[in-house]
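Colleague: Input: one structure, supplied below.
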Amino acid sequence: MIYEHSHPGLPDPFTQAEFYADVPLKRLLAWVVDTILILLLAILFLPFTAFTALFFFPLFYVTIGFVYRAASITRWSATPGMLLFAIELRTSEGDRFDTPYAVLHTLGYTVSLSFVLPQVVSVFLMLTTPRAQGLTDLVLQTAAINRPRS
């Protein structure tokens, strides 16, 4: 199949569908958890800016979120929200993310989230592609999968 050749390390979405079962819903729930955690971190770090971050809080929030996502994905190939819902990100070779992949994926996510059309396209793709890949996943040839049992 074309999927095996273009993503040799990822589970086949047809013969190993369990790796992609409920991933879009889990990603949504993980996103809610991560959004709350990022907000709490931004509020926690606010006093360290002498509260001047209140004047540019959206940018401050995005910056905290970028660091949160890139650092956690580098460490675990998942955000804390993804860990909670037992999903993780994998490269087309099936490897866990390293720092460059984590930063690129976070950058793609951040840009996608900043504009309505790419976000709508990304959600549509997650709901319709065999590997439940979003726009950033398709560009980087990565996928979120249900975490394999160790």
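Every number here is computed from the coordinates shown, using simple stated rules; none is lab data. Note that the coordinates shown come from a computational prediction; the quantities given were computed from them, not determined experimentally. In this analysis, Cβ positions are derived from the backbone assuming ideal geometry, glycine residues included, and neighbour counts consider all displayed protein chains.
Colleague: Contact list please: Cβ distance under 6 Å, first residue in the stretch 13-32 and buried (at least 20 other Cβ atoms within 10 Å of the Cβ), second residue of a type in the set (S, T, N, Q) and outside any loop (DSSP other than H, G, I, E, B), pairs at least six apart or on different chains.
Modeller: 19/146
Colleague: Would you confirm whether or not the stretch 61-81 contains a residue that is in contact with an Asp or Glu (Cβ under 8 Å, 6 or more places away or on another chain), in contact (Cβ under 8 Å) with a residue 12 or more places away in the chain and charged (D, E, K, R)?
Modeller: Yes, there is a match, as at least one residue in the stretch 61-81 is in contact with an Asp or Glu (Cβ under 8 Å, 6 or more places away or on another chain), in contact (Cβ under 8 Å) with a residue 12 or more places away in the chain and charged (D, E, K, R).
Colleague: Collect the residues in the stretch 94-121 that are within 18 Å of residue 76 (Cβ to Cβ), in a helix (DSSP H, G or I) and in contact with a helix residue (DSSP H, G or I) (Cβ under 8 Å, 6 or more places away or on another chain), keeping them in residue-number order. Let's see the steps before the verdict.
Modeller: First pass over the stretch 94-121, keeping only residues within 18 Å of residue 76 (Cβ to Cβ): 94-106, 109.
Keeping just the survivors that are in a helix (DSSP H, G or I) gives 99-106, 109.
If the condition is that a residue be within 18 Å of residue 76 (Cβ to Cβ), in a helix (DSSP H, G or I) and in contact with a helix residue (DSSP H, G or I) (Cβ under 8 Å, 6 or more places away or on another chain), then 99, 101, 102, 103, 104, 105, 106, 109 are the ones that fit.
Colleague: Further question on the same structure: Six or more apart or on different chains, Cβ under 6 Å: which pairs go from a residue in the stretch 122-150 that's on the phi < 0 side of the Ramachandran plot and surrounded by 22 or more Cβ atoms within 10 Å (Cβ to Cβ) to one that's part of a loop (DSSP other than H, G, I, E, B) and β-branched (Val, Ile, Thr)? Could you list them?
Modeller: 142/91
Colleague: Filter the stretch 66-119 for residues that are among the hydroxyl-bearing types (Ser, Thr, Tyr) and in contact with a strand residue (DSSP E or B) (Cβ under 7 Å, 6 or more places away or on another chain) and give the result. Let's see the steps before the verdict.
Modeller: At the first step, the residues of the stretch 66-119 found to be among the hydroxyl-bearing types (Ser, Thr, Tyr) are 68, 72, 74, 77, 79, 91-92, 99, 101, 106, 109-110, 112, 114.
Residue satisfying the conditions is 77 alone.
Colleague: Additional query: Given 135, 113, 107, 125, which one is farther than 28 Å from residue 46 by Cβ and out of contact with any Asp or Glu (no Cβ under 9 Å at 6 or more places or on another chain)?
Modeller: Details: 113 fails: farther than 28 Å from residue 46 by Cβ; 107 fails: farther than 28 Å from residue 46 by Cβ; 125 fails: out of contact with any Asp or Glu (no Cβ under 9 Å at 6 or more places or on another chain).
Answer to the check: 135.
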